[in-house]
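The values are calculated or read from the model by the stated rules, or taken from the named source; none is laboratory data. Fair warning: this is a prediction, and the values are worked out from it, not measured in the lab. All Cβ positions, even for glycine, are placed from backbone atoms using ideal geometry, and neighbour counts span all protein chains on display.
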């Protein structure tokens with residue numbers, strides 16, 4: 001599937017993953033919008049400093065790791081691009097450009113930070129983010145490898161897995177376990193009674209069928225008894 005350049009659609013359903021679609025293409029309009037407006041935008045953020053010393057680095061396309069309230073996972077492009085902001089050659093934060101509507105681009109955010117996780121991405125990796133849980137990940141579909149970039153490294157260490165990456169299916173299992181454990185009120189375990197209920201459905205159905213069959217048989221016998229013996 002091609003969408004605004006290089007897009008990969010990974011056609012698979014892995015337990016909770018309903019779909020995986022990633023995009024690394026950065027439209028030229030994103031860069032143009034940033035270059036034309038970033039100094040004015042930053043002037044509202046910083047009250048001092050030489051505006052001529054501000055620079056923006058290379059933009060990277062963001063792909064969102066979506067986690068719904070049933071722990072269904074989806075990866076999809078979100079029309080959002082991020083780049084480091086530098087002052088005197090030192091990273092001081094990051095800037096995002098979005099596409100709120102077709103053909104329209106605008107700077108939407110600046111965040112203070114002394115690091116820029118996307119700089120750690122390898123050539124074949126796509127940037128995955130989840131703002132809600134503060135996840136930044138590098139995903140390489142060709143190698144079935146997902147690894148942490150930024151602060152999420154410590155989470156992989158807690159899981160006891162390699163920070164160089166694991167398979168997408170292994171990541172899914174560990175992530176779901178982590179979210180259930182860390183946010184039990186948000187993702188409660190299904191009560192055992194629900195499984196028992198599901199197991200009882202076929203048993204109950206069989207019992208009802210048998211009861212109906214016996215009831216019909218009893219009615220038939222009563223009817224024969226009322227009619228009396230046959231005389232030829």
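Details
- If you filter the stretch 12-38 down to residues that are outside any helix (DSSP H, G or I) and modelled with pLDDT of 90 or more, you find that the one that is farthest from residue 109 (Cα to Cα) is 20.
- Residue match in the stretch 91-107 (condition: in contact with a strand residue (DSSP E or B) (Cβ under 7 Å, 6 or more places away or on another chain), surrounded by 19 or more Cβ atoms within 10 Å (Cβ to Cβ) and part of a loop (DSSP other than H, G, I, E, B)): no
- With respect to being within 19 Å of the chain's Cα centre (by Cα), assigned by TED's automatic domain parsing to the domain that holds residue 81 and outside any strand (DSSP E or B), residue 161 falls outside the description.
- Members of the stretch 178-189 that are within 16 Å of residue 148 (Cβ to Cβ) and touching a helix residue (DSSP H, G or I) at 6+ places or on another chain (Cβ under 9 Å): 178
- Scope the stretch 59-90; condition assigned to a loop (DSSP other than H, G, I, E, B) and either surrounded by 18 or more Cβ atoms within 10 Å (Cβ to Cβ) or not assigned by TED's automatic domain parsing to the domain that holds residue 49 (or both); matching residues: 59
- Residue 138 vs. criteria under 16 Å from the mean Cα position of the chain (by Cα), closer than 30 Å to residue 87 by Cβ and surrounded by 12 or more Cβ atoms within 10 Å (Cβ to Cβ): yes
- None of 137, 128, 119, 175 is assigned to a helix (DSSP H, G or I), within 30 Å of residue 59 (Cβ to Cβ) and at pLDDT 95 or above except 175.
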